[in-house]
Amino acid sequence: MLQTFLPLFLMTFGICLFIVLMQFLWRYIDDMVGKGLGIPVLAEMFMYAALFLVPLALPLAILLASLMTFGNLGERLELLAMKSAGVSLIHIMRPLIITLVFVSVGAFFFQNNVMPVVQVKLYTLLYSIRQKSPELDIPEGSFYKDIPGFNVYVKGKDNQTGLLKDVMIYDYSEGFNNARVIVADSGRLKTSADKLFLILSLYNGESFENLQSQTSTAQARKAVPYRRESFGTKDILIEFDANFNRTDESFMQNQYMGKNLEDLQSSIDSMEVRLDSIKDTNAKNVYEASYLKSLRQNQSKIKKAPDSKDKAEEQENTVIPALPEPSFALNFDSLYQAQTPSGQATLLGRAKSSLEHIKTDFYFRAASVGDEAYKVRRHLTEWHKKFTVSFACLMFFFIGAPLGAIIRKGGLGVPVVISVILFIFYYIIDNMGFKMARDGVWEAWEGMWLSSAVLTPMGIFLTYKAAKDSVILNADTYINALKNLIGKREGRKVEKKEVIIYTPDYDALLPRLKKLAEESKTYVANHKRWTNYLAFWRQGGKDPDAERLAQEMESIVEELSNSDQNLLLNKLMDYPIIGGYTHKISKHLNDKQSLCVGLFLPVGIPVYLLAVYQRKLLRHDIEMAQRTSKELIEMIYSLHLSKNNPDTNYQ
């Protein structure tokens with residue numbers, strides 16, 4: 001098993017890592033193009049990106065490899081041979097389970113010890129690449145704006161000599177009010193040796209410069225002088241850092257992405273204490289600004305009498321009752337109406353300013369609490385992420401291995417399609433849970449473990465079905481179940497036997513057919529379409545009359561199938577197959593348990609309605625059995641009894 005699984009696992013892991021790495025490249029391609037990055041920088045970035053994407057590619061590789069491994073074994077009948085030898089599916093999976101347990105443990109240590117370093121270096125490198133200035137590539141016939149403070153227009157370029165023709169430069173490095181325009185017949189652009197400056201050499205041109213900053217205010221009102229300069233050769237030095245400068249990693253290391261499990265737990269504890277203190281401070285401030293606090297302060301001032309020490313001592317020894325609530329109520333509307341119009345406007349303005357100040361203060365407090373809570377949530381999601389990746393590896397194995405044993409298709413066809421569909425489903429649920437936890441809609445553990453909670457029952461179900469050799473992916477199984485549900489049954493097939501050992505006893509069959517027809521008629525008359533809800537659940541869905549009629553009908557069909565008359569055999573095929581209409585709860589529960597299920601309305605009502613619909617189909621089949629029995633009586637009498645005894649008149 002290991003010789004079969006490990007090569008496929010390494011191959012699929014390489015393929016999945018390459019695919020997600022290409023996705024990463026397309027995501028950040030705009031930040032890298034045109035920056036003049038060297039091969040060592042790009043190689044370093046791709047190395048960090050590959051390590052960063054290992055937790056994403058590893059579960060997908062395990063899913064695909066397990067599907068292909070057991071699909072190949074099933075397709076080559078090796079899995080069937082092992083099961084025929086008495087080896088169970090769990091025993092076949094045991095070496096791979098042990099191997100993937102070690103892989104999951106390794107994934108946890110990788111996520112805890114390696115990923116913080118990789119994430120810090122990768123995000124720092126990406127930030128440094130974004131901050132790097134692009135390479136100078138001045139286009140022809142359009143303005144180039146990537147040089148800070150300058151707009152450069154070039155009509156034509158000589159690619160061999162690097163000569164720029166018909167150059168126009170707008171220099172607004174000192175502000176738009178002091179802009180300078182330079183026009184030259186030709187020029188050259190090069191970078192200094194230290195790559196900190198651009199040297200622009202212009203030939204045969206003119207420059208126009210505004211001198212507004214050098215004039216007084218009185219002169220500026222009359223006219224704005226400017227300076228015109230003609231030159232044969234002119235060099236302009238422009239600050240332009242073209243080097244690749246790395247950003248310090250210390251900032252990223254203090255974030256959630258640069259911490260291991262122990263550091264995350266320590267940060268979460270300290271941040272939760274800080275968050276609680278901020279909330280307590282905000283609550284105290286709100287209470288201090290409330291009307292109740294002001295009222296209590298006024299009452300305490302009235303109680304105090306600091307005129308003498310004796311009175312103070314007496315107050316210490318004397319219990320002063322609390323002041324009663326004022327017996328009158330202030331009518332603020334009357335006080336407002338008593339003011340002059342200007343006084344009313346003043347009061348409204350003061351009230352509005354006070355409300356806006358309170359609103360701004362509350363918004364600021366809410367923002368501070370929200371920022372601290374967001375940091376706590378991000379640390380919590382990162383803490384749970386250390387475990388979810390390892391669990392996902394085991395979960396996908398218990399989905400892929402039994403699914404491959406069921407579909408029995410190897411290669412890269414069907415397994416790839418199924419793996420991609422399952423992984424997309426997992427990725428969508430996992431991303432949705434992460435965003436819910438990050439935004440505070442759910443608890444952190446609920447959001448981060450959502451995908452595992454959804455897919456783990458699927459893995460348990462598939463493993464159970466594969467161990468029991470259940471055909472859960474056979475389309476005919478579901479089609480037949482749907483047909484049974486809607487009442488579309490397969491017809492009965494009765495073929496003429498080549499050798500008949502026992503000839504039917506038609507004299508004994510006629511009373512049985514007559515009795516079956518009469519009992520079918522009685523059943524239809526006594527069993528209406530609708531039945532009492534409690535009576536249905538009290539019986540546990542049992543219908544002994546229908547079961548007895550079905551058994552009798554099958555016994556008659558089995559005996560008459562030995563007939564040599566094609567007309568009788570064709571008429572036997574008109575008998576319906578009665579089965580599946582009766583409720584299945586009686587097989588698993590007794591009457592009292594069934595009644596408890598019926599009293600649980602959310603479950604009982606849909607099952608009851610389905611049983612009512614099946615009861616309608618059952619009545620139709622029993623009516624069909626009644627008509628077929630009568631027709632068989634007439635055919636048997638005309639084909640056999642009338643020939644053997646013409647005087648017999650069977651009623």
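The values are calculated or read from the model by the stated rules, or taken from the named source; none is laboratory data. Keep in mind it's a predicted model, so treat the numbers as computed, not measured. So basically every Cβ, Gly included, is an ideal-geometry build from the backbone, and we count neighbours across all protein chains shown. What goes into the accessible areas is simple: the full protein's heavy atoms, side chains included, and nothing from ligands, DNA or RNA. Shrake-Rupley method; radii C 1.70, N 1.55, O 1.52, S 1.80 Å.
Taking ALA535 as meeting all but one of (1) open to solvent by less than 80 Å² (accessible area, probe 1.4 Å); (2) at pLDDT 90 or above, write down the number of the exception.
So ALA535 meets the others, but not (2).
Where the second residue is open to solvent by less than 10 Å² (accessible area, probe 1.4 Å) and outside any loop (DSSP other than H, G, I, E, B) and the first is among the charged types (D, E, K, R) and modelled with pLDDT of 85 or more and lies in the stretch 542-564, which pairs have Cβ atoms under 6 Å and are six or more apart or on separate chains?
Partner pairs satisfying both residue conditions: GLU552/LEU516.
Inside the stretch 53-136, counting only helices (runs of 4 or more DSSP H) that do not spill past its ends, which hold 3 or more residues that are in contact (Cβ under 8 Å) with a residue 24 or more places away in the chain, crowded, with 19+ Cβ neighbours inside 10 Å and of a type in the set (Gly, Ala, Ser)? Give the steps one after another, and end with the answer.
Working: elements: 54-75, 78-84, 89-109, 115-131.
Fully inside the stretch 53-136 and qualifying: 54-75.
Kindly evaluate LEU380 against the criterion of being surrounded by 20 or more Cβ atoms within 10 Å (Cβ to Cβ), within 20 Å of the chain's Cα centre (by Cα) and of a type outside the set (D, E, K, R). First the steps, then the outcome.
Details: surrounded by 20 or more Cβ atoms within 10 Å (Cβ to Cβ): yes; within 20 Å of the chain's Cα centre (by Cα): yes; of a type outside the set (D, E, K, R): yes.
Yes, satisfied.
Restricting the search to the stretch 607-639, which residues are under 14 Å from VAL557 (Cα atoms), open to solvent by less than 20 Å² (accessible area, probe 1.4 Å) and hydrophobic (A, V, I, L, M, F, W, C)?
Result: ALA625, LEU632, ILE636.
Quick check: anything in the stretch 27-39 free of Cβ contacts under 8 Å to residues at least 24 places away in the same chain, part of a helix (DSSP H, G or I), in contact with a helix residue (DSSP H, G or I) (Cβ under 9 Å, 6 or more places away or on another chain) and open to solvent by 30 Å² or more (accessible area, probe 1.4 Å)?
Just the residues of the stretch 27-39 that are free of Cβ contacts under 8 Å to residues at least 24 places away in the same chain, to begin with: 27, 29-30, 33, 39.
Adding the requirement that they be part of a helix (DSSP H, G or I) leaves 27, 29-30, 39.
Right, trim to in contact with a helix residue (DSSP H, G or I) (Cβ under 9 Å, 6 or more places away or on another chain) and you get none.
The answer is no; no qualifying residue exists.
If I filter the stretch 519-530 down to residues being charged (D, E, K, R) and modelled with pLDDT of 85 or more, which single residue comes out as least open to solvent (accessible area, probe 1.4 Å)? Explain how you work it out, then say what you get.
Initial filter on the stretch 519-530 (charged (D, E, K, R)): 519, 521, 528-529.
If we keep only those that are modelled with pLDDT of 85 or more too, we end up with 519, 521.
On the way: GLU519: 51, LYS521: 126 Å².
Once the filter is applied, the top-ranked residue is GLU519.
I'd like to check which strands (runs of 3 or more DSSP E) are fully inside the stretch 148-236 and have at least 3 residues that are at pLDDT 80 or above and under 56 Å from the mean Cα position of the chain (by Cα).
Working: elements: 150-158, 163-171, 180-191, 197-210.
In the stretch 148-236, the matching strands (runs of 3 or more DSSP E) lie at 150-158, 163-171.
Mind checking which residues of the stretch 509-518 are open to solvent by less than 80 Å² (accessible area, probe 1.4 Å) and either in contact (Cβ under 8 Å) with a residue 60 or more places away in the chain or touching a helix residue (DSSP H, G or I) at 6+ places or on another chain (Cβ under 9 Å) (or both)?
Of everything in the stretch 509-518, those that are open to solvent by less than 80 Å² (accessible area, probe 1.4 Å) and either in contact (Cβ under 8 Å) with a residue 60 or more places away in the chain or touching a helix residue (DSSP H, G or I) at 6+ places or on another chain (Cβ under 9 Å) (or both) turn out to be LEU509, LEU510, ARG512, LEU513, LEU516, ALA517.
Return yes when ASP469 is over 23 Å from ASP269 (Cβ atoms), charged (D, E, K, R) and open to solvent by 60 Å² or more (accessible area, probe 1.4 Å) and no when it is not.
Numbers: over 23 Å from ASP269 (Cβ atoms): yes; charged (D, E, K, R): yes; open to solvent by 60 Å² or more (accessible area, probe 1.4 Å): yes.
Here the answer is yes, as ASP469 does meet what is asked.
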